[in-house]
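Notes follow once the structure below has been shown.
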Amino acid sequence: MARAFRPSILTANDLLDGDVVYLARDGAWTRRSAEARLFEDEDEANRSLAAAESQEDAVVGPYLAAAVPGGQLGPEPVHIREALRATGPTNYCHGKQTGR
Amino acid sequence: MYRYDGFDREFVHARVAQFRQQVERRIKGSLTEEEFKPLRLMNGLYLQLHAYMLRVAIPYGTLQSRQMRQLAYIAERWDKGYGHFTTRQNIQFNWPRLKDVPDILDALADVEMHAIQTSGNCVRNVTADHFAGAADDEIADPRPTAELLRQWSTDHPEFAFLPRKFKIAVSGSPIDRAVTRAHDIGLRMIRNVVGEPGYEVCVGGGLGRTPMIGSVIRDFLPEADLLPYIESILQVYNAIGRRDNIYKARIKITVSEHGIEAFRESVEQRFRIQRETFAGEHQALLARIGAMFAAPVWIEAPTGAFDAALARDPVFRSFVDTNLHPHRNPDYAIVTISLKAHGATPGDATAEQMRVIAGLAERYGHDEIRISHEQNCILPHVHKRDVPAVHAALREAGLATANVGLASDIIACPGMDYCNLATARSIPIAQDIATRMKERGDERHIGDLKIKISGCINACGHHHVGHIGILGLDRAGVENYQITLGGDGTETAALGERAGPGFAADDVVPAVERLIDTYLELRSDDDEAFLATYRRVGMRPFKAALYPDTAAAAGR
Ligand code: HEM
Ligand code: SF4
């Protein structure tokens with residue numbers, strides 16, 4: 001049985017530095033989850049995922065991660081793993097937090 | 001100290017040159033990730049949650065100051081100024097960029113280090129007792145054996161694709177500080193009744209999803225038979241180990257499915273053939289390697305400065321109490337440098353700290369440094385007269401935390417802060433427990449207590465062999481921590497027993513405190529350690545303390 005689709009953002013790691021990236025609303029890759037496009041439609045999400053999978057020279061391991069619309073901060077990932085990817089590790093201000 | 005010969009050096013640099021081209025091809029897009037991934041893993045390069053991660057082997061945990069300085073340089077130049085020492089005597093850099101990795105590997109090769117076989121289904125970095133060549137309780141230095149195994153297993157064509165990863169640990173002392181019983185092969189150096197050197201060979205230990213304590217396959221293996229025997233074990237495993245199911249592929253499963261007797265019989269059969277094919281060359285090699293690990297020339301000097309500092313300075317006294325171990329030369333001490341400052345990330349060292357440690361090793365420690373599986377650094381040979389100076393320098397660098405072996409000396413894997421496979425974070429739990437221990441201020445009074453934390457069932461943080469083990473799980477998207485009690489990684493090895501349902505992240509510290517308080521109430525006297533009390537009284541009182549509501553309900 002296929003799992004029910006949940007609204008999702010499309011995420012991956014950047015090929016060159018491994019940083020977490022998201023497919024933005026303008027179709028480019030962004031490093032900020034707030035700018036990520038939230039897919040409400042399953043087919044569209046899967047088409048974008050397939051397109052991302054062919055971008056071997058830009059990103060590694062793209063996948064869809066469940067997210068909720070959130071407020072002004074843009075989509076918020078549902079799972080804690082994704083929340084940590086969006087902000088960086090807890091023990092140092094070393095990841096994405098530094099840019100904030 | 002073992003020095004590379006021309007062959008080693010060429011081999012390592014050639015591997016870096018190959019990898020440099022592979023990275024270039026990947027960046028240009030002519031290699032896909034699917035093609036590149038096994039190549040990068042062969043060079044110790046992982047992709048973690050936020051970045052690439054480079055795992056560098058520290059064979060048998062031994063480093064010289066120039067190597068430590070190079071690690072500091074790498075941390076500063078290509079990473080974020082620090083490195084993470086792991087339970088496998090590796091160092092991990094958490095933030096390298098792909099294009100820089102070949103340069104990092106070249107910088108490592110310059111100091112005879114590499115990341116080869118730190119990943120993949122091969123024989124991994126061979127680990128050893130971190131007090132090797134120094135401890136007063138040692139029979140023989142395990143490092144020549146570990147080095148022989150390293151040379152034999154590196155790029156061994158027959159064992160490049162084993163059913164699964166393969167970990168070997170060697171201890172040269174009856175006191176097992178290398179967790180040999182939780183390794184695929186654990187070797188303990190012993191002497192037989194007539195005093196000849198050999199090994200007790202254990203096989204099929206391992207942690208992870210199906211933890212097991214290894215079984216003795218040979219209670220005495222003469223030294224000269226080591227390689228043919230180990231090779232026989234690997235051949236049998238390679239032939240009958242399961243490749244159909246990754247969770248059943250480790251040798252521990254092979255041994256338990258076939259039974260140790262049948263497995264032993266197959267190995268002995270192979271061994272009878274193998275032994276004939278091995279000429280004596282490896283024994284000559286072992287002798288040559290052994291000579292390179294000869295003890296330093298000991299300094300002969302009075303130790304009065306040590307005794308004076310001990311009498312004068314209570315801070316020094318408490319450092320000596322926990323962080324020193326008896327050396328085979330009574331005028332010397334083994335000094336452990338804790339990388340567990342209360343509230344810091346276990347096992348992390350900044351570039352500056354690495355340089356301080358390198359400097360101290362050079363000035364006072366016969367230029368030797370060790371990394372322990374407990375994620376601490378060690379100066380194995382410090383003359384006692386110099387210990388006060390070492391302590392003073394460590395204090396200045398924030399490295400004099402006197403907690404080795406105590407509740408805040410926690411092993412923690414990277415967990416979900418970094419690791420792609422994690423189901424929960426481990427570092428913040430370790431930080432919170434250590435911070436709380438400092439607030440309580442009674443960890444010396446509590447005494448010997450090993451808390452070990454893993455962020456998923458792979459058990460990289462050794463939680464199964466922690467006196468208190470903590471395993472982070474994912475319960476419907478929320479971090480949840482399972483507690484095990486009574487684990488032991490030493491010569492009296494045992495797997496911890498699960499206490500009951502897991503705890504939310506915020507409830508872990510109070511739960512650990514309840515365990516500690518229960519122990520303090522129950523111990524027969526101050527000398528009975530947590531593990532001994534647990535063994536004497538069993539799970540029940542601890543369980544009652546962990547789950548007071550359930551206990552109350554049951555009593556009603
Ligand atoms: C990139 C991060 C890591 C990955 C992907 C990883 C992966 C794994 C996996 C899959 C296992 C289970 C193997 C099995 O049961 O067959 C394992 C076990 C283990 N790893 Fe890691 N690990 C990582 C980091 C670490 C670190 C940081 C340490 C040291 C702190 C470590 C030390 C160990 C140990 C001691 C075991 C258990 C012993 C055994 O193999 O039975 N690993 N690891
Ligand atoms: S135990 Fe799990 S979370 Fe921790 S380092 Fe190993 S694989 Fe990662």
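Within region A:15-29, the residues that become at least 20 Å² less accessible when every protein chain is included than when their own chain is isolated (1.4 Å probe; DNA, RNA and ligands ignored) are A:15, A:16, A:17, A:18.
For chain A, what does -39500 (n - 2.57) per DSSP helix run (n ≥ 4), summed and divided by total residues, give at 222 nm, in deg cm²/dmol to the nearest 500?
Result for chain A, helices only: -6000 deg cm²/dmol.
Give me the percent relative contact order of chain B, please, defined on Cα pairs under 8 angstrom at least 6 residues apart.
13
Each residue of region A:76-87 is assigned a 3J(HN,Hα), and the resulting list reads 10, x, 7, 7, 4, 4, 6, 4, 5, 5, 6, 10 Hz, derived from the Karplus form 6.51 cos²θ - 1.76 cosθ + 1.60 (θ = phi - 60°), x at Gly and Pro. Taking the DSSP beta bridges with both ends in region B:404-515, the antiparallel portion is around 70 percent.
Shown in residue order for region B:499-510 are the 3J(HN,Hα) couplings computed by the Karplus curve 6.51 cos²θ - 1.76 cosθ + 1.60 at θ = phi - 60°: 7, x, x, x, 10, 5, 3, 5, 8, 5, 4, x Hz (x for Gly and Pro). Under 5 Å between amide hydrogens, built in the peptide plane, is the criterion, and for residue B:405 it picks out nothing among residues at least 5 positions away or on other chains.
Normalised by the number of residues in region B:162-316, what is the relative contact order in percent for Cα pairs under 8 Å and 6+ residues apart?
17
Less than 27 Å apart at the alpha-carbon level, and either on another chain or at least 8 residues along: which lysines does that give for residue B:80? Result set, ordered by chain and number: A:96, B:28, B:37, B:99, B:340, B:452.
What a 1.4 Å probe finds exposed on region B:6-110 is 50% carbon and sulfur by accessible area, rounded to a whole percent. Evaluated with a Cβ-only charge set (Lys, Arg +1; Asp, Glu -1), chain B carries a dipole of roughly 1300 debye about its Cα centre, given to the nearest 20. With the solvent-accessible surface defined on protein heavy atoms using a 1.4 Å probe, which residues belonging to region B:46-80 display a reduction of at least 30 Å² in accessible area in the multichain context relative to the isolated chain? Buried by the other chains: B:47, B:49, B:50, B:52, B:80.
Comparing Cα centroids, region B:430-471 and region B:43-117 end up 26 angstrom apart. If you take the accessible area of A alone plus B alone and subtract the pair, what total do you get in square angstrom, rounded to 100, with a 1.4 Å probe? Summed over both sides, the interface buries about 2300 Å².
Using unit Cβ charges (K, R positive; D, E negative) and no other charged atoms, how large, in debye to the nearest 20, is the dipole of the protein assembly as shown about its Cα centre?
Approximately 680 debye in magnitude.
Counting Cβ atoms of other protein chains within 10 Å of each Cβ in A:61-67 and taking the mean gives 1. Give the percent of DSSP beta bridges with both residues in chain B that are antiparallel, rounded to the nearest 5. Taking every DSSP beta bridge within chain B, about 80 percent pair in antiparallel fashion. Of the residues B:46, B:56, B:36, the one whose Cα sits farthest toward the positive end of the charge dipole of region B:1-76, with +1 on the Cβ of Lys and Arg and -1 on the Cβ of Asp and Glu, is B:56.
Averaging the sequence gap over all C-alpha pairs within less than 8 Å and six or more residues apart, then dividing by the number of residues, gives region B:6-110 a relative contact order of 30 percent.
Summed over the residues of chain B and divided among them, the accessible surface reaches 38 Å² per residue at a probe radius of 1.4 Å. A simple rule links phi to the HN-Hα coupling: the Karplus curve 6.51 cos²θ - 1.76 cosθ + 1.60 with θ = phi - 60°, which for region B:10-27 gives 4, 4, 5, 5, 5, 5, 5, 4, 4, 5, 4, 5, 5, 5, 4, 5, 5, 5 Hz, with x for Gly and Pro. A Cβ-based charge dipole, computed about the Cα centre of region B:283-427 with Lys and Arg at +1 and Asp and Glu at -1, lands at about 120 debye.
The values are calculated or read from the model by the stated rules, or taken from the named source; none is laboratory data. Remember, it's a predicted structure, so these values are computed and weren't measured experimentally. A quick note on method: Cβ atoms are made from the backbone with ideal geometry, for glycine too, and the neighbour counts reach across all protein chains shown. Heavy atoms of the whole protein, side chains included, go into the accessibility calculation; ligands, DNA and RNA do not. Shrake-Rupley method; radii C 1.70, N 1.55, O 1.52, S 1.80 Å.
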